[in-house]
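Below: the structure, in structure tokens.
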Amino acid sequence: MADTSKLFNDKSDLYAKARPQYPAELFDFIKALPETRGTVWDCATGNGQAALGLAQVFDRVYATDISEEQVASRLDVENVEFSVTPAEQTGFGDNMFDLVNVAQALHWFDFGRFWPEVRRVLKPGGAFICYSYAWFSVTPEIDTLVESEVEAVIAPYWAAQNQLAIDGYKDVAFPFAQIDVPDIALQVRWNFDDLMNFIHTWSATRRCMNDIGTAFFEQARSKLKTAWGDPADVKIATSPLTIIAGYLE
């Protein structure tokens, strides 16, 4: 697996601002999974986008990320303890958590080491859940421009692991029987700058900029701004969530 410890270090402040938070109905589902809701491990928390919702459900949230910069730019969330910790080797005690949560990050892990760590730290009867989103749909015109002016250009710069998320984790061997999950979509209200900031946080966008410069991004911005209209106008962007949950055997 590629070293991802520094992949999200740059633009961590922008990541905190631009990455969406998760809907309340997702956490309504999550709270029904474990028998008790004392402690949860939010693994690869980023800035704490999921920790914010988990904190409303669990007594204590332990949120970890491998990136020091991401944790330094964390959201202000009560009853959450943040730390810089790799997913595959933590200092947590055995049978410590009622739930292990992974939002938008499972594809980065070394599964041969991660699953044993999950099994070690989960309580008997504890649950695991992961979820991710891919592209956001705004309007047909905007979607087409994002595809032609951004996605087509940055496609070679996606890390191989990203394909696991794009494919809905269908090629991941989960060590448990999956349970039925609800259909939940992530919706955000974006003005034009919100859209561009979000695109800027994509790891492939930043890799592409580092390699060929920012001209493609500025061209995309110009075309998308024309399609958007007044940059202050707010539009709804929607992305279905891939959700996988179960109980480790």
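Readers should treat all values here as calculations from the given coordinates under stated rules, not as data from a laboratory. The structure displayed is predicted, hence computed values, not measured ones. Every residue, glycine among them, receives a Cβ derived from its backbone with ideal geometry; neighbour counts consider all protein chains shown.
Simple point charges give the picture: +1 on the Cβ of Lys and Arg, -1 on the Cβ of Asp and Glu, and for segment 142-249 a dipole about the Cα centre of about 280 debye. Rounded, prolate or oblate for segment 128-228? Axes are the square roots of the Cα gyration tensor eigenvalues, ordered a ≥ b ≥ c, and the cut-off for rounded is a/c under 1.5. Judged from the Cα gyration tensor, segment 128-228 comes out oblate (a/c at least 1.5, b/c at or above a/b). Farthest towards the positive end of the charge dipole of the chain, among the residues 236, 208, 248, is the Cα of 208, using unit charges on the Cβ of Lys, Arg, Asp and Glu.
Under the combined filter of DSSP loop state and at most 16 neighbouring Cβ atoms within 10 Å, segment 21-92 retains these GluC sites (Glu not before Pro): 35, 78. With respect to the chain, whose longest principal axis is taken over its alpha-carbon atoms, helix 192-201 is tilted by about 60°. Computed extension gain for residue 94 through residue 141, at 0.36 nm per residue and net of the alpha carbon distance, reaches 11.8 nm. Axis of helix 203-212 versus longest Cα principal axis of the chain: the two differ by about 40°, to the nearest ten degrees. Just subtract the alpha-carbon distance of residue 162 and residue 209 from 0.36 nm times their residue separation and send over the number in nm, one decimal. Computed gain between residue 162 and residue 209 is 15.1 nm. Segment 150-226 and segment 13-73 have Cα centres separated by 20 Å. Annotation for residue 171 and residue 83: the two label points, set 7 Å from Cα along the Cα-Cβ direction, are 3.4 nm apart. Cβ-to-Cβ counts within 10 Å put 107, 200 in ascending order as 200, 107, the fewest first. Taken about its Cα centre, segment 12-247 carries a charge dipole of roughly 160 debye when the Cβ of each Lys and Arg holds +1 and the Cβ of each Asp and Glu holds -1.
Phi-derived couplings, Karplus 6.51 cos²θ - 1.76 cosθ + 1.60 at θ = phi - 60°, listed residue by residue for segment 213-223: x, 9, 4, 4, 5, 5, 5, 4, 4, 4, 5 Hz, with x used for Gly and Pro.
Over the chain, Cα pairs under 8 Å with separation of 6+ residues give a relative contact order of 22 percent. For the pair residue 238 and residue 134, the difference between a 0.36 nm per residue extended length and the Cα-Cα distance amounts to 36.5 nm. Axis angle, to the nearest 10 degrees, between helix 111-121 and the longest C-alpha principal axis of the chain: 50 degrees.
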